[in-house]
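Just dropping this structure here.
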């Protein structure tokens, strides 16, 4: 049998599967959570999906949307820009007034 014909037969058999696998692989969605003058913005790329009062609300929304993507077999990552002062403050020790 001609080696070229054999190679062509193998290519015809496996090429559609290889192409399907290559095309179905998507780049992960990148959720961006960033602090603005008006609150916390959530978006994917240049698409804004919402504006929230606190960072925790924004991250809860991202968590919900990531779960939807995961259920569809897609991957995602999160980038956080800025910090929420309410989350970074630690509880202060009781003052001496309370010990009396």
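Once you put a point 7 Å from the Cα of residue 77 and another 7 Å from the Cα of residue 49, both along the Cβ direction, what distance in nm separates them?
1.6 nm
Give the order of 61, 68, 34 when sorted by the count of other beta carbons within 10 angstrom, beginning with the fewest.
Numbers: 61 17, 68 10, 34 14.
Sorted ascending by nearby Cβ count, the order is 68, 34, 61.
Only the coordinates and a few stated rules stand behind these numbers; no lab work does. All figures in this text were calculated on a predicted structure; none of them were measured in a lab. When we count neighbours, we look across all protein chains shown, and the Cβ atoms used for this are built from the backbone with ideal geometry, even at glycine.
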